[in-house]
Amino acid sequence: MAWTRFVAGRLLALVLTVLVGSVVVFLVMKSAPGDPAVAALGESARPELVAVFRAKHNLDVAWPLQYGRWLSGVVQGDFGLSLTVASDRKISSLIAARLPNTIFIGLMALSIAVVLSLIAGTIAALRRGKLGDTIATSLAALGISMPDFWLSYVLILVFALGLGLFPAYGFIAPGQSMSGALYSGFLPALAVSAPLAAVFARTLRTALLEAGNKDYVVAARSFGFRPAYIFVHWVFRNALIPYITIIGLQIRYILGGVVVIERIFGVSGIGSLMVDGAFARDYPVVQACAVVFLVIVLSVNLVVDVICSLLDPKRAR
Amino acid sequence: MAAVLRSLWNNRTARAGLLIVGLFLLAISVGGALMPYSATDMDFVNLLMPPDWTHPFGTDSFGRDVLTRVLLGGRVSLAISVIGVALAAMIGIPAGLAAAWYGGWIDQLLMRFADLLFAFPSFVLALFLMVVLGFGVTNVMLAITLVYVPIFARLTRNLALTVREEAYVQAARLMGQSTARILGREILPNIMAPIMVQASISIAFGVIIEAGLSFLGLGVQPPTPSLGVIMADGREYFNQGPWVLTLTGLFISFGLLGLNLLGDGLRDLTDPKLRERTTS
Amino acid sequence: MSAAVVNEAPLLMVRNLSTRFRMGSVDMMAVRGIDLEIQRREVLGIIGESGSGKSVTGLSLLGLLPAHATVTADHLSFAGRELLPLGEEDFRRLRGTHLAMVFQDPVGAFNPAKSIGWHLDRIIARAATREDRQGIDLTQSAHRWLTDVGIAHPERILPLYPHQLSGGMLQRTLIALSAALQPDLLIADEPTTNLDNIVERQIIGLFRRLKDKLGSAIIFITHDISLAVGLCDRIAVMYAGEIVETGPAEVLFKSPTHPYTAGLIETSRQLDERVGRLKEIPGELPSGLHRPDGCLFAPRCGYVTDACRTSPPPNVTLAPNHSVRCIRHG
């Protein structure tokens, strides 16, 4: 009961944040210099055409009304029509086609980062001050210092152009072929995951060391539990809460990285759509992508919060 | 200040960071002048030469020496990031102090706004701003500012809340000192260390944001040679001359490694919990 | 009671136990040259100010100190078995079956992510590994112990998490869980220090009731000598990592021979009578790094002579069960 209220409260907060966020996005977009009609049709377009364009794209009324119409469309899953990127196509269908690819790459990157960081963070904490720790923490410092888009090219150079193990460009949608998506998505996901794995591993190391110093570990030892058992149920179990929290906080960076990497590897996703929209000054597309990213981040944060509340008895339920 | 530097020097991580950052700064400040080439001179005899002793980073498609351009570009990129982060600190720190000091609706309003900015992927936020404001050096700085304002504001607020109830702050309050004086003289100096850690890490990520935006063509525009612009250029002929992009990126990673190590070292020194552990 | 068991071989015998901590390039000696013995079913109090090494002694006996600590001893034998040569794995098997400990901070002793019932199940499973426990319903007995320590409905607290219980409740629970193990030796390390006065009295009363029923030997570590007197058969007084006086509790309390013991009793009596101005023992403990040449207590002692400062005092046996480390009795 208390728990459903907690989740319901968080869901309500999510909806409110998206609403406020969409107003801000809309207003900032409106304040952009230049007339979208002129941008799309050119300086010398005939006034009748401009009027038709304005009516079609919902630009012929005062902005509160524009926002109201836009929002009621968004609620029904309609983001309006694209101006220039894919002229006159429904933005919602563009997003529907591309969102699975972005989510796929994001999840794949997240999985790689979690696996790598669990290994590196645990080794670093268990071998604290020894060679394994030094190697793991140095790799982490290095991982954080590498721009992901640069790492993409290094990976392409080594694994695609050099060894020929993976394709350098192009992505097969998971809907088409799951194995193809895993194969073609590996390098982009790896590039996004490297800095993340570094951040996760450092957090895990600190959290493990902190939990390992707690009195409850001495108490557990006084009961004669096996060291591995104590590590799993006392140390790791309590380190898990800050570890999962940091994953929630880093989701913004995962998605930020995906935006650039999609362009490099030719993944047709939300990020590359937003960059295309930015180049073509396709305001409705950029606006729609920003709102979609907002919803993704907030949803992931909600899921992370729920997981944390299940893991941590002290959190409100 | 001297004492801080000495304790930094005694920390292995911080020392490595200081050395790398020092070397990086030295390279971009005087390195360009020491190079026998100019960043703009084209040399059509030596187009896309791989790295050798005369051109350690090779040459680009116009025969320009890549290292010379990278040293100059490092200066541009670092300046953009430092100015962007400094602006963010100048807005975020007072906002955070105000939120912590006044509480109530001011706190609520500022923090909800920070939460909202936090809910966007940082790169998406920067990209969004570039679309609205247009491309170019100034707007890249503003984009970096926008990304880091909520981070500084929230950090400052949380830190200030913890020292607000300390005896020395209460004493200053009872002595009737002005709010501005208490915030500036009593609170701010006591929370400066973690803010400095955040600043050094932010500058590192600011360089990545600049490079990322410019790399996509949405940030600094050629011919201004920022690191992102040089990499975007190198991307055009990556198959023929991969060294332009990869070595430029390596140079960035080197500088960022220094900043990150410095941040780690600072954190070791300022986090009492960690300090306790390093002595035991 | 101590008279009845005096001829049996001691359950735990400690000879010349020292514990040092490596701190950077120097070693800090926290405990030096401790001799102790404890009979089956006996209650031994270890008394001293904070920093006197009493907790470190307790942790040393159970092998619970961190890796940068080194424990050395001529003998550390438990039920006739030398513990120090044991491997970590063999030592571990003794804990939770034959040896157990109750900690100062009950809140910190529990795994915050797990329920009380989870702790109970694991600890019972641990206790069940002892050969002579086969076929006994340990869960049943744990519930009985929980009722015994004053938790009327154990099943109500089992689904709760540590943060949902008060410190006093947690300490009762921890004592009950340790009691359910039926260890041969239970070390209680200042089990009441973090609790308020009323709860402290209840817990002491609890130990007093339990000690006969439990059948374990108990080492009760505390800084408050008046708490120990009502509970313990014998008392060892520690000062700066050394034992300065050992003897039967009543003898020690009525006629202390070491000036430090006398000081502790005086302080404690004033606390009880709520005297307006406390007469504390003046001065501070010497640090583990810089020790005086002679008697460690000399800088704070009211009876100090020049001889005290030149050479360490001898350990003088006053009666078969009573010894003191002071030059005045030499």
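When you filter the GluC sites (Glu not before Pro) in the stretch B:165-208 for DSSP loop state and at most 10 other Cβ atoms inside 10 Å of their Cβ, you are left with B:165. Largest mean-square fluctuation among C:157, C:221, C:136, in a Gaussian network model of chain C whose springs join Cα atoms under 10 Å apart, belongs to C:136. In degrees, nearest 10, range 0 to 90: what is the angle between the Cα axis of helix A:237-265 and the longest Cα principal axis of chain A? The helix A:237-265 is inclined about 40 degrees to chain A. For a label point 7 Å from the Cα of residue A:19 along Cα→C-beta, name the residues of the stretch A:58-75 whose backbone N is under 16 Å from it. Backbone N within reach: A:67-75. In terms of Cα atoms, the Rg and Dmax of the stretch C:1-90 work out to 14.1, 49 Å. Under 21 Å of direct C-alpha separation, and excluding same-chain neighbours fewer than eight residues apart, residue C:254 reaches these lysines: C:279. Helix B:227-236 against the longest principal axis of chain B: what's the angle in degrees, Cα atoms only, rounded to the nearest 10? So the inclination is approximately 40 degrees.
At most 16 other Cβ atoms within 10 Å and a DSSP loop assignment: could you name the chymotrypsin sites (Phe, Trp or Tyr not before Pro) in the stretch A:263-317 that fit?
On the way: sites: A:265, A:279, A:293; in loops: none.
Sparse-neighbourhood loop chymotrypsin sites (Phe, Trp or Tyr not before Pro): none present.
The orientation-averaged shadow of the Cα convex hull for the stretch B:151-210, equal to a quarter of the hull surface, comes to 4.3 nm². The calculated 222 nm mean residue ellipticity attributable to helices in chain A amounts to -24500 deg cm²/dmol, summing -39500 (n - 2.57) over DSSP H runs of n ≥ 4 and dividing by all residues.
Please list C:302-309, A:164-171, A:134-141 highest first by mean number of surrounding beta-carbon atoms within 10 Å per residue. Present the calculation step by step, with values, prior to reporting the outcome.
Working: C:302-309: 13.2, A:164-171: 15.4, A:134-141: 18.6.
Result, highest mean first: A:134-141, A:164-171, C:302-309.
One equal scatterer on each Cα of the protein assembly as shown, no solvent, Debye formula: the resulting log10 I(q)/I(0) at q = 0.08, 0.10 Å⁻¹ is -0.90, -1.17. Within the same chain, lysines fewer than 8 places from residue A:56 are excluded, and of the rest, those with a Cα less than 25 Å from its Cα are A:30, A:90. To the nearest ten degrees, helix A:2-30 and the longest principal axis of the Cα atoms of chain A are 40 degrees apart. The stretch A:5-107 has equivalent-ellipsoid semi-axes of 30, 18, 12 Å, by the square roots of 5 times the alpha carbon gyration tensor eigenvalues, sorted largest first. Peptide B:212-219 is shielded by partner chain Cβ atoms: per residue, an average of 4 of them sit within 10 Å of its Cβ.
Let me know the mean shielding of C:104-117 by other chains, meaning the per-residue number of their Cβ atoms within 10 Å of its Cβ.
On the way: counts 1, 3, 2, 2, 6, 9, 4, 12, 10, 12, 6, 1, 0, 0.
Across C:104-117, the average partner-chain Cβ count within 10 Å equals 5.
Based on DSSP H segments of at least four residues, each scored -39500 (n - 2.57), chain B has a per-residue ellipticity at 222 nm of -24000 deg cm²/dmol. Straight Cα distances below 21 angstrom link residue A:214 to the lysines A:314, B:273, C:54, C:114, with same-chain residues fewer than 8 positions distant left out. Shown here for the stretch B:9-81: chymotrypsin sites (Phe, Trp or Tyr not before Pro) in loop regions (DSSP other than H, G, I, E, B) with at most 15 other Cβ atoms within 10 Å, namely B:44, B:53, B:62.
Each value in this text was obtained by applying a stated rule to the coordinates, not by laboratory testing. Computed from a predicted model, the values in this text were never measured in an experiment. Every residue, glycine among them, receives a Cβ derived from its backbone with ideal geometry; neighbour counts consider all protein chains shown.
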